[in-house]
Amino acid sequence: CRFTNALGPWETAADDFDFHVGTNLRGVYLCGRAVLPAMAERGRGHVVIIGTDHLCRPDDFPYTSAALDAYDATKWGLMGLVNAWANAAGTRGVRVNSISMGATDSEMLRGFTKVATGKEPTQEAIDSWMRPEQLGALLVPLPLQHFRQPVDHHIEEAADQQTDHEGQRHQKSR
């Protein structure tokens, strides 16, 4: 996890920015540019880009930090790709969407929490984060859907499922 902010050292600014662009934008851009022409030629396809909750942050978002300027800029850049690609390919039968999911348990999030708070994340915090396999449960059905079927149905269905640490799925209690 690499932290950057507007008041950070000038000597590392370009390298830090290039790191985030390379991590969050370059691969998505090149992959999209590789597959979109073929999808458009076939008249069908679906691209799903993973965003971040930093794009729709509530006022009380607990991990807001000035130390994420380059990270956030690249995530906003992803939304620029989504909009441009959807406009370019949408009339040719290709869907381009993004999902801006909430905090997902990862080494990056655990490291950021430690830097931001000065201590390891609590088990309560970790338990509140989405598990990577839950994100997978949201994503896998999306490209398989027909255009007429609402996406919200699958998202709500997956959100109602809870996956424990052994990978077993359980219905969430409400």
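The values are calculated or read from the model by the stated rules, or taken from the named source; none is laboratory data. Bear in mind that the values here come from a model prediction, so they are computed numbers and not experimental data. Heads up, the Cβs are rebuilt from the backbone with ideal geometry, glycines too, and the neighbour counts pull from every protein chain shown. When the accessible area is computed, the model is the full protein with side chains, heavy atoms only, and any ligands, DNA or RNA have been set aside. Shrake-Rupley method; radii C 1.70, N 1.55, O 1.52, S 1.80 Å.
Would you be able to tell me the number of residues in segment 23-56 that are closer than 25 Å to Met130 by Cα and either free of Cβ contacts under 8 Å to residues at least 24 places away in the same chain or of a type outside the set (Ser, Thr, Tyr) (or both)? Before you say what the answer is, go through the steps one by one.
First, pick out the residues of segment 23-56 that are closer than 25 Å to Met130 by Cα: 23-25, 27-28, 46-56.
Keeping just the survivors that are either free of Cβ contacts under 8 Å to residues at least 24 places away in the same chain or of a type outside the set (Ser, Thr, Tyr) (or both) gives 24-25, 27-28, 46-51, 53-56.
So the count comes out to 14.
Output the residue which, of all residues in segment 93-108 that are assigned to a strand (DSSP E or B) and in contact with a Gly (Cβ under 9 Å, 6 or more places away or on another chain), is farthest from Ala40 (Cα to Cα). Lay out the reasoning, then the answer.
Restricting attention to segment 93-108, the residues satisfying the condition of being assigned to a strand (DSSP E or B) are 94-99, 104.
Within this subset, residues satisfying the condition of being in contact with a Gly (Cβ under 9 Å, 6 or more places away or on another chain) are 94-96, 98-99.
Details: Val94: 6, Arg95: 10, Val96: 11, Ser98: 18, Ile99: 22 Å.
Once the filter is applied, the top-ranked residue is Ile99.
Take Ile155 and tell me if it is within 16 Å of the chain's Cα centre (by Cα), open to solvent by 40 Å² or more (accessible area, probe 1.4 Å), modelled with pLDDT under 90 and not polar (S, T, N, Q). Full working, then the answer.
Working: within 16 Å of the chain's Cα centre (by Cα): yes; open to solvent by 40 Å² or more (accessible area, probe 1.4 Å): yes; modelled with pLDDT under 90: yes; not polar (S, T, N, Q): yes.
In short, yes.
Listed residues Gly90, Gly111, Gly136; which is modelled with pLDDT of 90 or more and assigned to a helix (DSSP H, G or I)?
Numbers: Gly111 fails: modelled with pLDDT of 90 or more; Gly136 fails: modelled with pLDDT of 90 or more.
Going through Gly90, Gly111, Gly136 in turn, the sole match is Gly90.
Scanning for something within 16 Å of the chain's Cα centre (by Cα) and buried (at least 17 other Cβ atoms within 10 Å of the Cβ), does segment 84-99 turn up at least one residue? Break it down into steps so the answer makes sense when it comes.
Residues of segment 84-99 within 16 Å of the chain's Cα centre (by Cα): 96-99.
From what is left, the residues that are buried (at least 17 other Cβ atoms within 10 Å of the Cβ) are 96, 98.
Yes, segment 84-99 contains a residue that is within 16 Å of the chain's Cα centre (by Cα) and buried (at least 17 other Cβ atoms within 10 Å of the Cβ).
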Scan segment 22-29 and give yes if some residue there is open to solvent by 60 Å² or more (accessible area, probe 1.4 Å) and not β-branched (Val, Ile, Thr), otherwise no. yes
